[in-house]
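A.B. asks: Quick one: the structure is below, and I'll ask about it shortly.
The values are calculated or read from the model by the stated rules, or taken from the named source; none is laboratory data. In this text the structure is predicted, and so the values were computed from the model without any measurement. Here the Cβ positions follow ideal geometry from the backbone for every residue, glycine too, while neighbour counts run over all protein chains shown. Note: areas computed on protein heavy atoms with side chains; ligands, DNA, RNA excluded. Shrake-Rupley method; radii C 1.70, N 1.55, O 1.52, S 1.80 Å.
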Amino acid sequence: MSANKDWGVPPDVEGSVSAKLLRKSRESPLVPVGLGGCLVVTAYGIYRLKARGPLKMSLHLIHTRVAAQACAVGAIMLGAVYTMYCDYIKRTAHDGEEK
């Protein structure tokens, strides 16, 4: 029985993580905005961890998680609206000029 040495390697390795992130940001520019928003909310949550007062730790973490998810969902919604704008409104206006 021969051992498959490429068992853990995906078949289409394209490069480093930074190259993949740059490619993805070119394809959809709001992905870095969502990631940045999540990082900002997480950093703010860590900063506010000491000054949370009588708030329980679990409740503080839940609030931070919800805020980070709201940033990610907001970026997804902005991307969807932008895509719809490009696909329907811009294309319709461009098609109207050609006729």
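A.B. asks: Could you please find all residues in the range 74-99 being open to solvent by less than 60 Å² (accessible area, probe 1.4 Å) and either under 26 Å from the mean Cα position of the chain (by Cα) or of a type in the set (A, V, I, L, M) (or both)? Steps first, please.
C.D. replies: Pass one, the range 74-99, residues open to solvent by less than 60 Å² (accessible area, probe 1.4 Å): 74-75, 79-80, 86, 93, 96.
Hits for the range 74-99 are Gly74, Ala75, Gly79, Ala80, Cys86, Ala93.
Results for (1) part of a helix (DSSP H, G or I); (2) open to solvent by 50 Å² or more (accessible area, probe 1.4 Å), shown as yes or no for each residue.
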| site | (1), (2) |
| --- | --- |
| Val40 | yes, yes |
| Ala43 | yes, yes |
| Ile46 | yes, yes |
| Leu49 | no, yes |
| Pro54 | no, yes |
| Leu59 | yes, yes |
| Ala72 | yes, no |
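A.B. asks: Quick check on my filter: what residues within the range 3-31 are surrounded by 10 or more Cβ atoms within 10 Å (Cβ to Cβ) and either more than 15 Å from Val73 (Cα to Cα) or modelled with pLDDT of 80 or more (or both)?
C.D. replies: Once the filter is applied, which keeps residues that are surrounded by 10 or more Cβ atoms within 10 Å (Cβ to Cβ) and either more than 15 Å from Val73 (Cα to Cα) or modelled with pLDDT of 80 or more (or both), the range 3-31 yields Ala19, Lys20, Leu21, Leu22, Arg23, Lys24, Ser25.
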